[in-house]
1. Does region B:48-67 include one or more residues that are within 10 Å of DNA strand D (Cβ to nearest atom), in a loop (DSSP other than H, G, I, E, B) and crowded, with 23+ Cβ neighbours inside 10 Å?
2. Do any residues in region A:13-26 that are hydroxyl-bearing (Ser, Thr, Tyr) have Cβ atoms under 6 Å from those of residues that are modelled with pLDDT of 95 or more and assigned to a helix (DSSP H, G or I), where the two are at least six apart or on different chains, and which pairs are they?
3. Filter region A:35-46 for residues that are within 14 Å of chain B (Cβ to nearest Cβ) and within 9 Å of DNA strand D (Cβ to nearest atom); which is surrounded by the most Cβ atoms within 10 Å (Cβ to Cβ)?
4. Could you tell me whether residue A:4 is more than 10 Å from DNA strand D (Cβ to nearest atom), under 14 Å from the mean Cα position of the chain (by Cα) and under 19 Å from residue B:110 (Cβ atoms)?
5. So the check is Cβ under 9 Å with 6+ separation or different chains; which pairs have a first residue in region B:125-149 that's among the β-branched types (Val, Ile, Thr) and a second one that's at pLDDT below 95?
6. Check off (1) part of a helix (DSSP H, G or I); (2) within 13 Å of DNA strand D (Cβ to nearest atom) for residue A:81 and give me the number that stays unchecked.
7. Show the residue pairs that are 6+ apart or on different chains and have beta-carbon atoms under 6 Å apart, the first residue being within region A:44-67 and in contact (Cβ under 8 Å) with a residue 24 or more places away in the chain, the second being more than 6 Å from DNA strand C (Cβ to nearest atom) and β-branched (Val, Ile, Thr).
8. Let me confirm something: among B:61, B:83, B:77, which residue is over 30 Å from residue A:20 (Cβ atoms), away from DNA strand C (no atom under 16 Å from the Cβ) and out of contact with any Lys or Arg (no Cβ under 8 Å at 6 or more places or on another chain)?
Number of protein chains: 2
Amino acid sequence: MGMFSKSAEYAIRAVFFIAKSSYLDKKVGIKEIANNIDSPEPFLGKILQQLSRNGIVRSSKGPNGGFYLTDEEMNKKLSEVIKAIDGDEIFIGCAMGLSQCSEEFPCPLHNEFKAVRAELTRILDGVSLAKFNHELVLGQLKLNRSKNS
Amino acid sequence: MGMFSKSAEYAIRAVFFIAKSSYLDKKVGIKEIANNIDSPEPFLGKILQQLSRNGIVRSSKGPNGGFYLTDEEMNKKLSEVIKAIDGDEIFIGCAMGLSQCSEEFPCPLHNEFKAVRAELTRILDGVSLAKFNHELVLGQLKLNRSKNS
DNA sequence: ATAATAAAGGACAAAAAAGTCTTTTAATAT
DNA sequence: ATATTAAAAGACTTTTTTGTCCTTTATTAT
């Protein structure tokens, strides 16, 4: 795997797509999201459920229903998305998998990895869900496998 | 999961333990390694096989056999261990899971994540397998769940 | 009220990762 | 030479992750 789980990767792409849609005042359904971010539709449904339960996205049922963000969610950080899906191990866990590793009892790599964790946290805290709305609307950024010209 | 797979975590702990043992001119068997790094013995066997095939560690069969490092392996980087077990996705893969993401066609997070990848690479390239030998021998660093006093 | 729509929820299925067990191969003491 | 030791190899099981499908619940338009 890469840095995050497959579920988290889908979640990241999904929230940016929902953000862009809400920016255009449009609720979007699972199918439309799945088509636009190249993810399996039913599996994405499960992930959106989790995001919804965790207050990362909002949803409404019935005709014209779908997923959307209010200003409140637009200001959430990408780190919250990751935590909702993968938990916070990547932010706080020991690189060597030692459960007792801490500041008092550091593993050999503990101090070395501080910089990586700090950088990761800095970036994921610094990206709001609204951050790419403009470029996504302009088509300058993509969330799927198609190349941008 | 954390940053690496469980297999990679065991691999990291194992190579440092083997390095320390070789530093003391002692070959070590799977059982002894497993006991000292808190890993399931047969599973560790599989991981050591992979490391051996990839030239990260050496092994000899029969009585007084076991795993060991020569000066050549002592100078290998921790990044090589990770690559041998988890592959290089964590170093080069797209954080959002987009296969076509590249310098020409960057995903929204591509440039943001450059710093994380660079930091991770810098650290894992900067740690040699021999790096902690001295502190491990002195008992100042540990590779298992026991706290150091 | 009712039909249609769309997410929520739960039960499954498939694939991958993690872990176990047994046999084979190679080395070395005796 | 032979018994013993220890890694290599391969088959297998379990658990977790990923992915699917079907039913229920809530909303809305008619």
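The values are calculated or read from the model by the stated rules, or taken from the named source; none is laboratory data. Quick caveat: nothing in here was measured; it's all calculated off a predicted structure. Every residue, glycine among them, receives a Cβ derived from its backbone with ideal geometry; neighbour counts consider all protein chains shown.
1. Looking for residues that are within 10 Å of DNA strand D (Cβ to nearest atom), in a loop (DSSP other than H, G, I, E, B) and crowded, with 23+ Cβ neighbours inside 10 Å, one finds at least one in region B:48-67, hence yes.
2. Cβ pairs passing all conditions: A:23/A:133.
3. A:39
4. Spelling it out, it is not the case that residue A:4 is more than 10 Å from DNA strand D (Cβ to nearest atom), under 14 Å from the mean Cα position of the chain (by Cα) and under 19 Å from residue B:110 (Cβ atoms).
5. B:127/A:108; B:127/A:112
6. (2)
7. From region A:44-67, the pairs are A:51/A:57; A:56/A:81; A:57/A:18; A:66/A:28; A:67/A:18; A:67/A:28; A:67/A:57.
8. Exactly one of B:61, B:83, B:77 is over 30 Å from residue A:20 (Cβ atoms), away from DNA strand C (no atom under 16 Å from the Cβ) and out of contact with any Lys or Arg (no Cβ under 8 Å at 6 or more places or on another chain), namely B:77.
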